[in-house]
Amino acid sequence: MVEVVLPDDANPMGFMLGGNVMRLIDLAGAVAAIRHARTPMVTAAVDGLEFLTPVRVGDFIVLKARVTATFNTSLEVEVMVYSEGALSGERRMTSRAHLTFVSLERDGARSPVPPLLVETDEERTVEAAARVRHSEHLKKKLKT
């Protein structure tokens, strides 16, 4: 996903508002989740959202989302956010987050999520980290 950052998206210092960045992260993550599962998905959790550097008015905000792991009725998506100078083309990472999405049909029932094809060592490493985060979520859920 790519959008231009306009003055209405920013604070008085000319930096994109964090809430607007979060909205785009959620949207990019949802698109990746739905495209993988081909079923309605809802956001269940956001992990490790970091704002590393600001996105300035006039820059492009570039979001790259990928499914990192699938579970029974949920999946995790990693979203990386970049600021790109509209004229220079210079790109730098500004934010990242991991989001968990749950399949949720209109009647409220959950449906199975198709498995993720994991082929490379890098993909296996990313999936293993996602499984650790998922396990931590389940532990927290059991405590409540």
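The values are calculated or read from the model by the stated rules, or taken from the named source; none is laboratory data. The shown structure was predicted, so the numbers you read here are calculated from the model rather than taken from an experiment. Here Cβ is always computed from backbone atoms with ideal geometry, including for glycine, and neighbour counts include all displayed protein chains.
Quick notes on this one:
- Taking the criterion of being surrounded by fewer than 20 Cβ atoms within 10 Å (Cβ to Cβ), under 14 Å from LEU116 (Cα atoms) and more than 14 Å from the chain's Cα centre (by Cα), the only residue of the range 34-70 that qualifies is ARG38.
- Screening SER111 with (1) out of contact with any Phe, Trp or Tyr (no Cβ under 7 Å at 6 or more places or on another chain); (2) modelled with pLDDT of 95 or more gives one miss only, at (2).
Yes or no, residue by residue, for (1) farther than 17 Å from ALA130 by Cβ; (2) at pLDDT below 95; (3) not in a loop (DSSP other than H, G, I, E, B):
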| site | (1), (2), (3) |
| --- | --- |
| ASP8 | yes, no, yes |
| VAL21 | yes, no, yes |
| GLY29 | no, no, yes |
| THR39 | yes, yes, no |
| ALA65 | no, no, yes |
| VAL81 | yes, no, yes |
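- Only one of the numbered conditions (1) in contact (Cβ under 8 Å) with a residue 40 or more places away in the chain; (2) surrounded by fewer than 19 Cβ atoms within 10 Å (Cβ to Cβ); (3) over 17 Å from the mean Cα position of the chain (by Cα) is not met by GLY89, and that is (1).
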